[in-house]
Structures are given as structure tokens and as C-alpha cells.
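Chemist: Structure below; questions to follow.
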2 protein chains.
Amino acid sequence: MPKKSKYCLGLDYGTNTVRALLVDIANGREIATAVFAYPSGRDGIILDPKNLDLARQNPDDYLLGAETAVRKTLARARRADKTFSPSQVVGIGVDTTGSTPLPVDASGEPLCRRKEFRRNPNALAWLWKDHTGFAEAAEITALAAAEHPEYLAKCGGTYSSEWFFSKILHCLRVDPKVFDAAASWVECCDWIPAVLVGETRPGRIKRGRCAAGHKAMFNAAWGGLPAENFLAKLDPKLGGLRDRLFNETCTSDVSAGGLSEEWAARLGLPEGIPVAVGAFDAHLGAVGSGVFPGKFVKIIGTSTCDICVWPNQSPLADIPGLCGIVDGSVMSGFFGLEAGQSAVGDIFNWFVNEIQPGGPKNGSHAELTKKAARIKPGASGLLALDWNNGNRTILIDQRLTGLLLGQTLHTKPEEIYRALIEATAFGALTIIKRFQEYGVRIDEVINCGGIAEKNPLVMQIYADVTGLEMKIARSAQTCALGSAIAGAVAAGGHPDFASAQAAMCGLKAKTFKPDAANHRVYEELYPLYRKLHDAFGTAEWTGSLFSVMKDLLALRDRQLS
Amino acid sequence: MPKKSKYCLGLDYGTNTVRALLVDIANGREIATAVFAYPSGRDGIILDPKNLDLARQNPDDYLLGAETAVRKTLARARRADKTFSPSQVVGIGVDTTGSTPLPVDASGEPLCRRKEFRRNPNALAWLWKDHTGFAEAAEITALAAAEHPEYLAKCGGTYSSEWFFSKILHCLRVDPKVFDAAASWVECCDWIPAVLVGETRPGRIKRGRCAAGHKAMFNAAWGGLPAENFLAKLDPKLGGLRDRLFNETCTSDVSAGGLSEEWAARLGLPEGIPVAVGAFDAHLGAVGSGVFPGKFVKIIGTSTCDICVWPNQSPLADIPGLCGIVDGSVMSGFFGLEAGQSAVGDIFNWFVNEIQPGGPKNGSHAELTKKAARIKPGASGLLALDWNNGNRTILIDQRLTGLLLGQTLHTKPEEIYRALIEATAFGALTIIKRFQEYGVRIDEVINCGGIAEKNPLVMQIYADVTGLEMKIARSAQTCALGSAIAGAVAAGGHPDFASAQAAMCGLKAKTFKPDAANHRVYEELYPLYRKLHDAFGTAEWTGSLFSVMKDLLALRDRQLS
């Protein structure tokens, strides 16, 4: 009788849905998966029409999602393989969006469950893309720049409104009742494993290195979280919170505990199997894509995360504009380097779903892509900035917006669609250049996520703009796969992430090589993008923009003739 | 028996159609009208997909249009008034777009009728919005700046690609066969009256002061057209053309001749009735709107022309950036001052017809206007430049393009629509300010044209942005009415334009007063528009744009809260 396969379950909490994925730890075979859409708000996000910066989530959606998606996955696994038994599942890993902190009471219950806070969005989870704390982010940046520049050096030089303390400080300022009622604040990626293992008391929750290091300025070099007197200068109450947060963090190859009896029953899985310490989706997505020094991973979804790793024994300068350099945030023994774009697929979706161009027939992603593919680089005369949701790297500034330039009376929807794709490609190139300038080697780019999978035009434009070959991760669910890998390592099924990756990850055969002629045109366009980028995005820039429209028209005329 | 009414016929040649209008010269009553759409090309314009700057027209469309529209108008007049007889028509006036020159042979036949040029767009009429001569425009500007700055001083400091000599010189450069075959070049507004009076030999055609002065640098101060040696320096053949053009020009209160026997028969009108010397649509539109010193007329259509007049005995400085200051171009005894925006309605039409936003139901002008009217100034966070077709005033630069800034992932089509309207309003304000800075008094703004008539939102935004009351001309066809007035004066029915205006023009009761609160918001937005305008539109500007997006977001947040 052949040895029975062992499986791990990856739970991937995205912006609108949660996915469960069951993976064979010997070879990465994905035997079943299921997705659950969060029922609250609009596509799972609670919004405020009077405050477009606000984006919250209901943490109970996460738990209902775990139960529903896991049970459906297990049922599908049984249908796919009659011999499958849930007893073969040996570990669970969890990734989530972030920074998505939620205020909890002393037992770890989310405050939003309390009657007095039921309709209060401040008691919900503060979704990564909530930008209400932009003023607080600036305040934190200013104070750190003056008193603790080392805090900023590891997170690109600017503390973002998307991050942990900006959100908590904003809550303190606008809704002190919620702040005062919170025994602690917990990142979503820490809270879900805590629920699954049945230990949600804030002081006992195992906190992930990834969220803490990238979003809460946690670093062993200064003894963990920022100093109490630093936080107290922002607000005495914030200083008082420090002791109610955490002092230690773990990498995701560590178990957060065994699956509780209650949750074993709810999920239909064996009690006591290890649940790995949680991490952010992109970081575990990079693991599932095969990240390693020299292999730059782009997880392209509604937004984009770029992740690479670098041996933590090698010298590495602080890199301005990155979202973080954190030892162990991706893999033990390596610095995890995170960058990203605040919107990529979201920009294309905005154009298709909000602007709804092209009349009844021609406005779908498929139609626009088909027509955009026929346009030569530069031939539309258009140039766009990819800032409809701000800029996460290298400017770290949410108070930026989109820009489209070069429209004539002939401009067509597919030309704008292509310009938006190109804008995100120029944004990606800006990030890659920043890594390279600071000595991080990039031998290949591995892409993953829905857009990388489904839109060859986007991948070809990325190759043509960057001049780099674009490869695609084999798995369509690299985040969930990365979580399953974390579960597998936490359960002892593999000794470390690299061994698990060797067994469980791969690349697709199809890759996208840069077209030399197109690349040359984009080498002319990129300086114009960069000029707009610097003009609108940096306080230092002064100069002239008089040539921009003229250069675009000259290039257009050349490409059309 | 009551005295029989006398009528004049105005022929208004627009970009896509020609309109005939029959007007009672005693009171301006419009008894019948008809429109004819040019059959050639796309909406009457011959385009080249490989050269988006190219826009030509078939002059035979003009003649077919005259016949069809006039006959239909007369038939309608008979139906409206049983006693009407064509014998009551005492004069004809003609206005056209411009500069729209066409190459003709020695008998005045358009070259495009020749077999060898049948498929050659260079032998057609070069429509006002043809920008193929942008390089030649720059060349003419540079030479005039060096050797004859006085030429430029009367046309805003820059010679435009939309104008007479840019087009002819471009033809000479790219298609010398057409240039060599041309005995002369004739403005459309001169050629049509010439055809109607049966004298098309170039040397005998009465040329209008309006086209010559505004577009061909004709000025009595330097003996008419630019000096032969000036033109010869651009190209010896252009110098050689000067003598085959014209030495004299007339104002439009003068008769170009009597209606020929042939055309009297074709139109169904009395032979010999005076046909006034032609002028541009906007100039006669201003006459039909009641232009007079202090009364600033905006003719708002696909593009916008702004016209005002100033006594030619009063001192008036050269005004940089204007399209022209020409004695008699609008009314005898007054300088005619022309400015304008290269696209206004065309920008709104582009958004609705090319971009087709809002899905099947929400993308019409009516729906977008309804929704845009509910948006507060500044509340979208958007700011646009109105340069999709270049900038006619005050930059005089066709090598400029549109810009939209401030998009988020929430931006809606109606917000963009409103931003485009606001952009044209900011453009209008920029022109008004320029006039005022140089001492031209503006007591009131009289608007006319389809958009002024039909879109109260546009008019209200113009009032709110400029802080000036917007009035609307009584006639819906002020250009055709102005032509009819020219016909009436040329026929001796009124002694001069001012007397004819007093009898034949008026205003609508409904006007648009600025809302003080909205005006204050626009006073904050305009400096941001102006900053973008100067940054992308002037060679001199250097500075920082870092605050633009942030200021827009701050204003948005204030207006939404």
C-alpha cells in the first residue's frame, strides 16, 4: 500500500474574499480550493460616502469565511479523491492583507461585537487601504525623522497612513471611546491564527514578525516596538498602549499553537494540528512563488506587492522609499524586502467598472485588452501616472492621485486602458530601479496573481517596459500555497521554507521576453513618466514641463507614420 | 395694404453642416431655417488615420449645401407664411469657418475637381482645425519674431498652424505639385460669395478683411499682406505667390456683387440681390449676438470663439496671446478682437462619443449633466486642462494636449464630465483676464451657440468660475443672423451694423448669475488650473507642482464633509 499523502491547508485572506487551498506537501499538487466572499459592506468593505479614505472590515466575516471555505474545500477534496480523509491534513497556514489591525478587548473579542459599538466603523478591522490616518502618518514620520531616524530607515523613510500606528493614533484622535475600550490592537494575520488555536488573549497571541516589522516599526535593533516615550510624544495614551501590544514576534515557520477543539469541529479538521504564525499575503505569496535572492516576485492583484529576500548576513543599505526591510518577514535567515503599488488591477477595474467606457459592447477587460494590444507603444500620445490610490513605493504618499495626459479629440478607451497598464509598468520599473540602485540583485522577475495569469498583454508590456523577462509562478494561488508551505514547515513536514519551496513550487513554461523595438520606445517614454512622477510626487523637484506634451506628440507622430 | 416685409438670408458654414436662415430685417424675426450636413468624409471632414493633424473638406459640399439648405428654407418660409415670396429676399450674407483656404486655378475652380488631384487631400479645402502645418507655423513665427515683430503683435505673438500661410507653406513643402498648380488660394468665406456672384477669378474675388486680417497678417499699417521678401525667405515660391493673392480687403457691410443668374436659379432667389463680403462665423455670430464695446461675446460650439470690439479711434495696446486685433474684422469703425478655445463642445462630445462612459444608460450628455449638476465645486478632487485640441488663446499652441488629474478609484464619469466643463470655464476665464489686463472693458458676457442655449449647467459653471453674469443671445442662430445682418446692410436695408443690431438682435430673459459660495471655491481652484496651464503650456515656467494633488484632496475633503 502506498504511503498516504500529507496535506496542508492554506488560508488566504484577500481584500474581498478568503480562499482555502489544500496542497500535497510532497509535490505542491493543489487538490481542492474554495473561495468565500465577505458578506459585509460593498464587496466586503465597509465604506463611508462622506470620507473616501475610510475602508473597514467586519472580523466576523473572516471567521464565517474560514468555516465556509474550508468545509467546501474539504468536500471538493473528497469528490476529487475518494481516498482523501481530513485526517491527512497536518497543518494550517494563514495569510491576510495588512496592515489591517482591529481593536479587541482583554479576551481578544473584537470591539465591534459590543452593542455600544455596533454601528461604529472605528470598532471594526481597519483595512490596509484605509487612509483616514494620513495626517497621523505625517505626524509619526515627522517625529521619527526628528528623534528616531532609524525607525524610518527600515521602512523607506516615510511612515504610511496604511500602517498600524497611523490607524491606531487616528482612532485615538477621532474616537477616544473606541481607543479607550481597546485592551489591545491585533493585526488580522495574528488574530485569525489566535482564534483558530483558541488563545486570543492579547498578551498570549503569537505576533508575526512580518506585520510587526513592516508596519509597526518592530526591530530587534531597538528592542522591538518604538520606544514608549516616542509613542507618548504622539499621544500619552499611545505610549500607554505599548505595553498592551507585544514584545516578541515569530517567523511564519513557527507554530502559533494547535487547532482548538472548537475550531477543529467547525472546520472538520483534526484537533491539535499546528497553525503557523500568520503573515501578510504578499510575503507568503512570494514564498509560494519561489522567492529567493535574485528572484524578484511581483504579486499582481488589485494592488501589487513586490517582494524579494536577501541573506541577513550580507551587508544591505537602508533603501529609501521601500515599505520595509525586515529580518525574517518572508523567510528565516533572510531580510524580507517589501515594495508595492497601491493600485494596479484596481486601476483597470476602476476604468472598466466605474468609468464603463466603450458603450455596451466594447468596455470589458477582454475587449479593451484585445484592442489595446494592437496599439504601438507611444502611438496614443498618452501618458498616465498610476496613483489613483496613492503611491506606496517609492514615494510612500497616499495624498497623490491619478493623472492622464495627452488626450486629444481622437483618444479612444483602449488607448487609455493601455496607458493605464503602461503607467503601472512604469511604476513597477521605478521600484525595480530603486532596488538595483541599492545593490539588490534582480536576475529574474516571477509574477503571480490573477492579472499575471490571465492578461498576457499586461505581462508583455511589463517585459517591454522593464526590459526584463517576465516569468509566471506555476500556482494560480501563490498566497494560499505560501500559507500551506508555512503550515507544512510549522508541522515539521519540511525542515525550512527553501526545502518546502523546492518540493512544492514551480514556474509556468510560458514566459514573456522583452521586444527590443518596443523596449527602445519605452526607454524614451519612461523619462517623461519619471518627470511627471518627480514633479507631482516630490517636494524637491523644480523644473519645466513644457516639453512633455510636445515630446509625446512627436513620438506619437513617429509611431503612427 | 401693409408694407411687405423684407428678408435677408444668412448662410452659416460650420464645421460639419451649413445652415440657411431667413430673417425679417425690420425686427430680426427668423421665419425659416434649414441645415445640410456635408456628405464627404466623417461628418463632413476628410481625415487621415495616419496623420491625426489632418482635416480637410470638399468645397463641392459647400455648394450642394447652399442649394439644398436655401431651397428647403424657402419652402419652409412659404409653409410658415402663405404670403411669403422669394422676391422679398433683398440680400445674402455668408459666414464660414476659418482659416479654411483652398487652392484654386486661374478661373477659381478648386484644384480638387481636377482628375489628377481627385484623391489628394492637399487639393481640398484645408479646414480650420487642420494642424498639419505646425512646423511651418513655428517657422513663420520665428522669422516674423526676428524680422517683422509687428506682424506677430497683431495676432497674439504666435502664428498658428490653423492659419492661412502655415497651411499653404505646408502644402508647398509636402506636395509641391498641388502648390504649383494653384493660381491662388482663397479663404472659404471669400470663395462662396465669389461663386454666388459668378466672379471666381482670384484677382477679382473680393476678399474679406476678417479672414485676411486675422489669419493672413493683412494690415494697412504695412501695406497689406506680409512683404514679399518675408514670404520669400520662408520659401521663394511663397514669395512668388504674394502677387497672386490680394492687395485689398473689404468689411462685410460691403457687397461682393449681385447674385448671378445661375445661382439665382439654383437657389430660387432674385437675380442681382447683393451678396455681402464674407467673414468668419464667430465674427458675424458676434454681430448677431449684439457685440459692442463692453459686451463680450462667447460663441460656444465645438470650439469657442470670443469676440469683442473696441473703437478704432481709442488707444489699444497689442495683446499677447490673442488670435488677432483687426480694424473692421467685425464692424466698420471698430477693432475686432478675437480669442477662442480650440475645443469646448468637442471635448464634451469626445467624452460622450469616443469614451462612451457610464455604460448603456448613463453616458448621454443629458444624464451626465444631470448627475454633474449635483456635484459641488471641488468635491471630485479633479482638475483638467481643456487642451484636447490644443490651445488657441492665450498660448496659441496646437502641440498641447488634454490633461486630467486627481482621479481616484472612486472617480465617476459625471465627475470627469464636470471637470471637463470646469476646464473650459477656466480656459474662458484665462482669456477674459487677458483682455481685462490690457484695458479692454468687459461689462457683460453674451453667450450664444448650442451649448449656451441647451446646457444651463455649463452656463452656471461659467458664471461661478468667472464671477460674471452670463447672458444668452436671443437668437439660436447668431452666426446665420449676423450673416443676414451683413446681407441687410450690404443691401442698404440698414445704414450700418449697429443700426441693424438695434433692430434685429436681443437677449433672452433667463440669465445666469454667479453663486457667491461656488465662486469662492473656484477662486481656490483657478490658481491650480493656472499652475498646470503655465507649467505645461509655457517655456518660461519653472517651479514645483508637489502641492497640486494635495491641495485638490484637501479641498475635496472640505467640500464633502
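The values are calculated or read from the model by the stated rules, or taken from the named source; none is laboratory data. Keep in mind that what you see is a predicted model, and the values were worked out from it rather than measured. In this analysis, Cβ positions are derived from the backbone assuming ideal geometry, glycine residues included, and neighbour counts consider all displayed protein chains. Surface accessibility is based on the protein's heavy atoms, side chains included, excluding ligands, DNA and RNA. Shrake-Rupley method; radii C 1.70, N 1.55, O 1.52, S 1.80 Å.
Chemist: Using a cut-off of 15 Å between beta-carbons, work out the net charge of the residues near B:Cys479 (Lys and Arg +1, Asp and Glu -1, B:Cys479 not included).
Modeler: On the way: positive: B:Arg19, B:Lys298, B:Arg474; negative: B:Asp12, B:Glu30, B:Asp95, B:Asp281, B:Asp306, B:Glu338, B:Glu453.
Local charge sum for B:Cys479: -4.
Chemist: Based on a Kirkwood Rh over C-alpha pairs, give the Stokes-Einstein translational diffusion coefficient of segment A:168-240 at 20 °C and viscosity 1.002 mPa s in µm²/s. Before the final figure, lay out the partial values.
Modeler: On the way: Rh = 13.4 Å.
In µm²/s, the coefficient rounds to 160.
Chemist: Amide H to amide H, which residues 5 or more places from A:Leu127 or on other chains are under 5 Å from it, using H placed in the peptide plane?
Modeler: Under 5 Å from the amide H of A:Leu127 lie the amide H atoms of A:Ala55, A:Arg56, A:Gln57, each far enough along the sequence or on another chain.
Chemist: Would you pull out the residues with amide H under 5 Å of A:Val94's amide H, same chain only if 5 or more places away, H placed 1.01 Å from N?
Modeler: A:Leu11, A:Ala276, A:Ala279
Chemist: Same structure, new question: For the pair B:Ser544 and B:Glu523, how long in nm is the line joining their label points, each one 7 Å along Cα→Cβ?
Modeler: So the two model labels end up 2.6 nm from each other.
Chemist: Using a 7 Å offset from Cα along the direction of the beta-carbon, what are the separations from A:Arg42 to the same position in each other copy, nm, ascending?
Modeler: List, nearest first: 3.4 nm.
Chemist: Along the Cα→Cβ direction, 7 angstrom out, place labels at A:Lys508 and A:Arg118. What is the inter-label distance in nm?
Modeler: Distance between label points: 4.7 nm.
Chemist: Hey, another quick one. Under 12 Å from the Cα of A:Lys129, which aspartates and glutamates turn up, not counting those fewer than eight places away in the same chain?
Modeler: Correct list for A:Lys129: A:Asp53, A:Glu162, A:Asp346.
Chemist: Residues with beta-carbon under 11 Å from that of B:Asn388, excluding B:Asn388: net charge, scoring Lys, Arg +1 and Asp, Glu -1? Each step should come with its number before you reach the end.
Modeler: Working: positive: none; negative: B:Asp346, B:Glu354, B:Asp386.
Here the charged neighbours net out to -3.
Chemist: Please figure out what share of the DSSP beta bridges in segment B:7-276 is antiparallel and state it in percent, rounded to the nearest 5.
Modeler: On the way: 27 of 35 bridges.
That works out to approximately 75 percent antiparallel.
Chemist: Of all DSSP beta bridges located in the protein assembly as shown, what percent are antiparallel, nearest 5? Walk me through the numbers on the way to the answer.
Modeler: Values: 106 of 146 bridges.
The antiparallel proportion sits near 75 percent.
Chemist: Pop out the ³J(HN,Hα) list for segment B:219-235 in order, Karplus 6.51 cos²θ - 1.76 cosθ + 1.60 with θ = phi - 60°, rounded to Hz; leave Gly and Pro as x.
Modeler: With coefficients 6.51, -1.76 and 1.60, one gets 7, 4, 4, 10, x, x, 5, x, 4, 4, 6, 5, 5, 5, 5, 5, 6 Hz.
Chemist: Taking 7 Å along the Cα-to-C-beta vector as the label spot, tell me the B:Ser5-B:Lys433 distance in nanometres, rounded to one decimal.
Modeler: 4.6
Chemist: Work out the mean other chain Cβ neighbour count within 10 Å for the residues of A:533-542 and drop it here as an integer.
Modeler: Values: counts 0, 2, 6, 8, 3, 3, 3, 2, 4, 5.
The mean count of partner-chain Cβ atoms within 10 Å per residue comes to 4.
Chemist: Give me a comma-separated list of calculated 3J(HN,Hα) values for segment B:406-412, in order, Karplus coefficients 6.51, -1.76, 1.60 applied at θ = phi - 60°, integers in Hz, x for any Gly or Pro.
Modeler: Each residue of segment B:406-412 in turn: x, 4, 10, 7, 9, 4, 10 Hz.
Chemist: Percent of Cα-Cα pairs per 10 Å bin, from 0 to the last occupied bin, for segment B:109-222, please list those.
Modeler: Reading the bins upward from 0: 14, 41, 35, 10, 0.
Chemist: Taking R0 as 25 Å, what's the FRET efficiency between B:Asp48 and B:Glu109 from their Cβ-Cβ distance, rounded to 0.05?
Modeler: Numbers: r = 24 Å, r/R0 = 0.96.
Once the sixth-power term is evaluated, E becomes 0.55.
Chemist: Quick one: the Cα spread of the protein assembly as shown along its three principal axes, in angstroms, biggest first?
Modeler: Here the Cα extents, ordered largest to smallest, are 111, 58, 55 Å.
Chemist: When the Kirkwood hydrodynamic radius is evaluated over all pairs of different C-alpha atoms of chain A, what value in angstrom, to one decimal, is obtained? Intermediate values should be presented prior to the final figure.
Modeler: Working: mean 1/r = 0.0419 Å⁻¹.
Radius from the Kirkwood sum: 23.9 Å.
Chemist: Hey, another quick one. Using C-alpha positions alone, give me the convex hull volume of segment A:7-276 per residue in cubic angstrom.
Modeler: Details: hull volume 32.9 nm³, N = 270.
So the per-residue Cα hull volume is 122 Å³.
Chemist: Now for a different question. Out of the GluC sites (Glu not before Pro) in segment B:248-333, which ones are loop residues according to DSSP with at most 15 other C-beta atoms within 10 Å?
Modeler: On the way: sites: B:Glu248, B:Glu261, B:Glu262, B:Glu271; in loops: B:Glu248, B:Glu271.
Passing sites in segment B:248-333 are B:Glu248, B:Glu271.
Chemist: Sticking with this one: Given DSSP loops and a limit of at most 14 other Cβ atoms within 10 Å, what is the longest stretch of chain A that contains no such trypsin sites (Lys or Arg not before Pro)? Display every interim value, and only then the final one.
Modeler: Details: sites that count: A:Lys3, A:Lys4, A:Arg29, A:Lys50, A:Lys82, A:Arg114, A:Arg118, A:Arg119, A:Arg204, A:Arg374, A:Arg441, A:Lys510.
For trypsin sites (Lys or Arg not before Pro) (loop position, at most 14 other Cβ atoms within 10 Å), the longest site-free span of chain A is A:205-373.
Chemist: Tell me, how many Å apart are the Cα centres for segment B:180-245 and for segment B:421-465?
Modeler: Using only Cα atoms, the two centres lie 33 Å from each other.
Chemist: Output the Kirkwood hydrodynamic radius of segment A:372-429, Cα pairs only, in Å rounded to one decimal.
Modeler: Details: mean 1/r = 0.0842 Å⁻¹.
Across segment A:372-429, the inverse of the average 1/r is 11.9 Å.
Chemist: Separation of segment B:521-561 and segment B:320-345 by C-alpha centroid, Å?
Modeler: With segment B:521-561 and segment B:320-345 each reduced to a Cα centre, they are spaced 29 Å.
Chemist: Where both residues lie in chain B, what percent of DSSP beta bridges are antiparallel, nearest 5?
Modeler: On the way: 50 of 70 bridges.
Roughly 70 percent of the beta bridges in chain B run antiparallel, per DSSP.
Chemist: Kindly rank B:183-189, B:132-138 from highest to lowest mean number of other beta carbons found within 10 Å of each residue.
Modeler: Descending mean neighbour count gives B:183-189, B:132-138.
Chemist: Inside 10 Å of the C-beta atoms of B:548-556, what's the mean count of C-beta atoms belonging to other chains?
Modeler: Values: counts 5, 11, 6, 1, 2, 9, 1, 0, 2.
Mean partner shielding for this stretch: 4.
Chemist: Okay, next question. If R₀ is 41 angstrom, what is the calculated FRET efficiency for the pair B:Arg204 and B:Ala317, using the beta carbon separation as r and rounding to 0.05? Before the final figure, lay out the partial values.
Modeler: Working: r = 37 Å, r/R0 = 0.91.
Computed FRET efficiency for B:Arg204 and B:Ala317: 0.65.
Chemist: Let me ask another. How many percent of all Cα-Cα pairs in segment B:297-400 sit more than 20 Å apart?
Modeler: Here the long-distance tail beyond 20 Å is 55 percent of all Cα pairs in segment B:297-400.
Chemist: Same structure again: In a Debye calculation with equal point scatterers on the alpha-carbon sites of segment A:70-120 and no solvent, what is log10 I(q)/I(0) at q = 0.14, 0.18, 0.19, 0.32 Å⁻¹?
Modeler: -0.66, -0.76, -0.78, -1.19
Chemist: Follow-up question, since we're still on this one. Taking 2.2 N^0.38 Å as the expected size of a compact globular protein, what ratio does the Cα radius of gyration of segment A:372-485 give against it, to two decimals? Don't skip to the answer; put the middle values down first.
Modeler: On the way: Rg = 15.6 Å, N = 114, 2.2 N^0.38 = 13.3 Å.
In units of the globular-protein estimate, segment A:372-485 measures up at 1.17.
Chemist: Turning to a different aspect of this structure: Return the subset of A:Lys167/A:Lys237; B:Lys370/B:Lys412; A:Lys295/A:Lys513; A:Lys376/A:Lys471 for which the Cα-Cα distance in this structure is over 20 Å, preserving the input order. Provide the component values of the computation, followed by the final result.
Modeler: Details: A:Lys167/A:Lys237 14 Å; B:Lys370/B:Lys412 13 Å; A:Lys295/A:Lys513 16 Å; A:Lys376/A:Lys471 23 Å.
Those over the limit are A:Lys376/A:Lys471.
Chemist: At a probe radius of 1.4 Å, figure out the B/A buried accessible area, summed over both chains, and give it in Å² to the nearest 100.
Modeler: On the way: alone 21240 and 21240 Å², together 37500 Å².
By this definition, chains B and A bury close to 5000 Å².
Chemist: Could you please report the charge total around B:Phe280, scoring K, R as +1 and D, E as -1 over all other residues with beta-carbon less than 9 angstrom from its beta-carbon?
Modeler: Values: positive: B:Lys215; negative: B:Asp95, B:Glu187, B:Asp281, B:Glu338.
After counting each charged neighbour, the total is -3.
Chemist: Of all accessible surface on the protein assembly as shown at a 1.4 Å probe, what whole percent is carbon and sulfur?
Modeler: Values: 19230 of 37500 Å².
Here it works out to 51 percent.
Chemist: Return the long-range amide H neighbours of A:Cys250 (sequence gap of 5 or more, or a different chain), with a cut-off of under 5 Å between placed amide H atoms.
Modeler: A:Arg207, A:Gly208, A:Arg209
Chemist: Then there is this: Which whole-number value in Å² is the accessible area per residue of segment A:7-276, probe 1.4 Å? List each step's numbers first, then the result.
Modeler: Numbers: 9570 Å² over 270 residues.
On a per-residue basis, segment A:7-276 sits at 35 Å².
Chemist: Please list 3J(HN,Hα) in residue order for segment A:283-300, calculated via the Karplus relation 6.51 cos²θ - 1.76 cosθ + 1.60 where θ = phi - 60°; whole Hz, with x for glycine and proline.
Modeler: 5, 6, x, 5, 4, x, 8, x, 4, 6, x, x, 9, 8, 9, 10, 9, 9
Chemist: Then there's this: With a cut-off of 8 Å between alpha carbons and a minimum separation of six or more residues, what is the relative contact order of chain A in percent?
Modeler: Numbers: 1298 pairs, mean separation 90.0, N = 561.
For chain A, the relative contact order is 16 percent.
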